[in-house]
1. Quick one: grab Rg to one decimal and Dmax as a whole number for segment A:1-136, Cα atoms only, in Å.
2. Where the Cα atoms of chain B are projected onto their three principal axes, how long is each span, largest first, in whole Å?
3. Which GluC sites (Glu not before Pro) from segment B:362-443 combine a DSSP loop assignment with at most 11 other Cβ atoms within 10 Å?
4. Taking just the alpha-carbon atoms of segment C:28-162, what radius of gyration and Dmax come out, in angstrom?
5. Using Cα-Cα distances under 8 Å and only pairs 6 or more residues apart, what relative contact order does chain A have, in percent?
6. Would you please give the FRET efficiency between B:Arg405 and B:Asp299, computed as 1/(1 + (r/R0)^6) with r the Cβ-Cβ distance and R0 = 30 Å, to the nearest 0.05?
7. What does the helix-only formula give at 222 nm for chain B: each DSSP H stretch with n ≥ 4 adding -39500 (n - 2.57), the total divided by the residues, and the result rounded to the nearest 500 deg cm²/dmol?
8. Regarding segment A:7-52, what's the average projected area of the Cα-atom convex hull, expressed in nm²?
Amino acid sequence: MKPGAFEYRKATTVKDAVAWLHSDLNSKILAGGQSLVPVMNFRLAHPSLLVDINEIAALHQITFNADTVTLGALVRHQEMAESTEVRDRLPLLAVTARHIGHWAIRNRGTLGGSLAHADPASEWPAVMVALEAQIQVEGPDGARTIPASEFYLGYYTTELAADEIVTAVTISRTRHRLGFAEVARRPGDFALAGSIVEDFGDGQGSVTWFGVAGKPERVVLALPEEESARARSFQSALGKLSQLDDDRHRQQLAVTVAERAFQHSRLTGHEYLTFEGGQV
Amino acid sequence: MTEQAMRPQFMGARVKRVEDPRLLTGQARYVDDIEVPGMLEVAFVRSPHAAAKILSMDLEAARHAPGVRAVWTFEDCPVMLWQRDTYEVGQPVLAHDEVRYVGEPIVAIIAENRYLAEDAAELVTIRYETKTPVLDMVDAIAESPRRVHPEAQNVFFHKVYASKGFDEAFNAAEHHLSETFRTTRQTAVTLEPRCTAAMLDPASGRMTIYASTQSPHRVRSDMCELLGWDENQIRVIVPEVGGGFGMKANTYPEDIIVVSAAQKLRKPVKWVSDRTESLLSDVHARDDIHEAEVAFNSDGKIVGFRDHLMADGGAYPAYPFSGAVGETSLASRVLTGPYDIPYIATTIDCTYSNKTPLGAYRGVWGPIASFVQEGLIDRVARALGKDPADIRRINMIRPDQFPYRNSAGMVYDQGSYGESMEEALKLVDYKEFRRRQDTLRHEGRYVGIGISVFVEPTAMASSEAGSVGYESVFIRIEPTGKVTAAFGLGPTGQGHETTMAQLIADQVGVNFEDVVILHGDTDSAPFGGGTGGSRSGPIGGGAALVAGREMRARLVKLAAHLLEAGEEDIELGAGKAWVAGVPDRAMTIKELAEVAYTHVKRIPEGLPIGLELVARYQPKRAVSFSNGTHIAEVEVDVLSGLIRVLNYVVVNDCGRLINPMIVEGQIQGGVAQGIGSAFLESLRYDEHGQLVTTSLMDYLLPEATEVPRITTRHLVTPSEGEGGIKGMGEGSLIGAPAALVNAVSDALAPFGAMVRQLPVLPNDVLDWVNA
Amino acid sequence: MATKTPIRLTINHESYDVEVEPRWLLSDVIRHQLGLIGTHVGCEQGVCGACTILVDGKPERSCLVFAVQAEGADITTVEGLSTDPQHLTALQESFRDHHALQCGYCTSGMLLTATALLKKEPHPTEDAIREALSGNVCRCTGYQFIVDAILAVANGSKEVQE
Ligand SMILES: Cc1cc2nc3c(=O)[nH]c(=O)nc-3n(C[C@H](O)[C@H](O)[C@H](O)COP(=O)(O)OP(=O)(O)OC[C@H]3O[C@@H](n4cnc5c(N)ncnc54)[C@H](O)[C@@H]3O)c2cc1C
Ligand code: FES
Ligand code: FES
């Protein structure tokens, strides 16, 4: 389990990184390496050039504005779990981060890497779709913004061109209660099924799953007060997913985690006021 | 016991381990830490198919790749594991005409380092013609879809046994109940993967082999047998070993390649398995089916067991012992466990398949047999509407029945079967649990309790790792009065340097710190069987006691002569010999050693010069049984299918304890592995015979978050052997899976669930709940 | 043929100048180039935690980082705790007192993860300890004595916990 040979370059600007990516069709971005390096150790990936972006300072920023927050691609999972600002203002993200891998993985793995890697069982893509975030990417022709809902195409595939890089994600003010739940074999494992539920407060809401379909999709649905009615609502939302896993156990778990995410959104102390001054 | 040291000071004490400082400071050396200039490393090209004919191999590109020193196929090392006199098939160390399991080594690349070796491995192209793989053991037994080895029947081991009068008694019972139990392939997963290094000593021409093994002398013998070396030309060194659990008791094809390459290339050569190779090619275990039936009466008394035991041995019998045979044949003999079940009938079939060879994993037969035995007991209880603890009480072997011959002919020495269960029930407060269970069920929460009473045959006359029934110790008191003792054991974390020193210090009468235990070097250790089958404590420890006692006798004789006292008046302790009641008339052991080695004229007649001897110990009994009870409490989340262990109690009886701390460590580790066996670990093959669990992301091991705090109590029923010691390395893993899955069956009783497969996975739970 | 790059690594407050191929894993360089064999390798898949080291005080997998990436970082390996059996750190000592190791293969990673945890959170609960250790597999001990050893240090006592 040793990786094949490659050329290694350290970028300090996004421009350089993009130019290098563009120069070699078999190049790859190296962010946290927590997904890429295992795949290379298995010799399932043989990039000829690795562009290490860890030293691009701009990508490490977390910026809170009046009604948006912008998270740089290199924000590590553990930073998200520990940042007091994130905890106070976007607690959903802090809760989510704690479910990703183990401590040592979280210390190195990055938001951007996770979004670009597009593992259908991973948390960040689903969270960003649930929050209707905007993913900012930059390529040889300049920057563009892709809504998270359009970013994901299917298992490990995204809108991102081979010479584009994810630079940041922007989340706009949301007003609703959010809940998160996931079922994994062991803490730190990829989810068997996970879900983010948003309760609009008027009997409506949204649900976004991960681990149960080829890509995350946000589905708006009714959230009736009565539990079995809600289960039916989740069930029919599940049917709307374009790349639903046909495993019936997965589907059953999907309904279970959606309900748990809904319950989580109801817990006192877990009212996800995403920004100061926001309403429940 | 009277001949033992008068006041054991160290035996039974929680002595801190002497191994620890080097391990805690990162200074210990494992095989991969052995580096010599010019050392080459090996990577293997392994079969991607479960069954295929090899049509051609193109090795040219690999041969010319940078840093490559040799590219070997079977022609370069034409060694077969197994001569045809044991089994009808032999296993080529590198497959040549045909591949028979995914992961089977075909080409060895020997290069300057592992990176380069893997580069070259990618350049090898092999053309195959795939065959229909044999993957289902029941089909395989019926020779379908074909034979794995055209020259041999698929069933390579078949045995039938019935106790006298079985049919009549079995049929006469009031009730019968049957079940098919299945265990899924699992494997040991030592944290240190397998690895071997070998180099010729240019001066003497001898071969030095660094092996991560449980049995140094076994490795030496195997190399001699397979490669034609003489024993005195080979030195096997076993440095630190990062776990064994039975899996490192075998000799593997890769070991042969490494040694042979070191010989032919005249270069140091090393191979370190990576994790994917480990999961593909370390021996697997526990691929068994038991079609079992139990006959019982309305009062709960069990009359007999009938069982058809089947095991999928994989493509070849693992060398030098087949796990399939080990798992089934011993299971068939101890299937009735701690219960007085008068009749048994068993049929065993072990078959070949296109899977990785089956070998040993801690407990070998035990976790499977306990799972079947305790599963049947719980089924009887449920069928009769009785409490599972009561059914056990009714059938338990009573203390007055020892020595007890079970219906398969195994003789049990004294044990504390019923007592261990009662003690464990008290520790969990069984009645209170039942109340709590009831309340929680009304809240929609499903908790359950599972009991597993086990017997553990230890110190067997021959076991998988040790082909011998004895152990040897070479003991020497150095001229400075310090003690050195060498063993042929092969510890892999059990702390023999500590426990053996405890035993010897007591006997010889020196301080624990003054004893150094050597092991893992065939040049310094006497011939020994290695570590495995829970034999090191009772047999190795027994040998330590005998050696220490013989040395003590020598010291007493010498001291009596020099102190001018009768031998019966000499006392030994804390590095001194003195005349009883006259502490001033004393000599230190150092002074005695000076006489023994230097002022040899003062040695009395009849005593040899020097203070060294070899002692051997073979227990009189063919086997000594440890026993105990595990009780697990679990909660099953019926919506997600996840299972959490809430509480775990072990009451263990392994005779006299050498070091309770180490015993507890063994128990806790075994229970953790039991949690893996019961709920997490499974090696899965797809319909093409591809192993799909080739990383630790797929083969799930218990982590700190899965294993609860374990409460342990010791009972002490001494064995009749030296020191009253019984073995205990495997019991915890023997007892645990049964307790855990019985707890799941109990928790899900409202759904009519009864676990019949190891491990229980979330989907199984969902299926029961949905049914 | 791969070319080597000279790099400088700072490990346990000492600097090492080495030439590495870009593809060499930090775990391999630490072990085989620098001879710091206390860092173990159990999977190279990021799962087992045997290779855990501290990078700027935080646990990371040395098998999932290339050595070329580690320039400028402050790295601690087990040898950075204490290599002197007479003067073990309190945590090392506590591991010994509590029999928190058997084969010792996981031990370096356990010690480093626990060191970082106790620095961040001097008095962790048992659950917090288990969570922090969940990325470090031990196949021998069943974890209980490891948890006890860490708890004892956190509580400033070395008594055996029951
Ligand atoms: C044991 C273990 C457990 C894990 N458990 C989980 C889990 O439960 N949930 C989970 O979500 N993840 C888990 N992961 C994966 C981890 O979260 C990774 O950090 C993450 O998936 C990828 O981020 P990275 O920064 O490490 O990316 P890298 O590994 O560096 O890169 C991954 C891929 O994304 C590309 N890439 C990286 N950054 C960018 C960018 N800015 N722009 C464009 N492309 C980019 C790379 O070229 C590569 O193809 C686990 C990993 C391990 C080893
Ligand atoms: S070797 Fe790095 S995590 Fe296993
Ligand atoms: S002590 Fe062996 S793996 Fe932990």
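1. 15.4, 48
2. So the three principal-axis extents are 85, 72, 49 Å.
3. Numbers: sites: B:Glu374, B:Glu419, B:Glu422, B:Glu423, B:Glu432, B:Glu443; in loops: B:Glu443.
Qualifying residues, ordered by number: B:Glu443.
4. My reading of the Cα-based Rg and Dmax gives 14.2, 46 Å.
5. On the way: 640 pairs, mean separation 46.6, N = 280.
Relative contact order for chain A comes out at 17 percent.
6. Numbers: r = 24 Å, r/R0 = 0.79.
Here the calculated transfer efficiency is 0.80.
7. Numbers: 19 runs with 212 residues, N = 771.
Only helices count here, giving -8500 deg cm²/dmol.
8. Details: hull surface 11.9 nm².
If you wrap the Cα atoms of segment A:7-52 in a convex hull and average its projections, you get 3.0 nm².
Readers should treat all values here as calculations from the given coordinates under stated rules, not as data from a laboratory. What you are looking at is a predicted structure, and each value in this text was computed from that prediction instead of being measured. For neighbour counting, all protein chains shown are included, and Cβ atoms are generated from backbone atoms with ideal geometry for every residue, glycine included.
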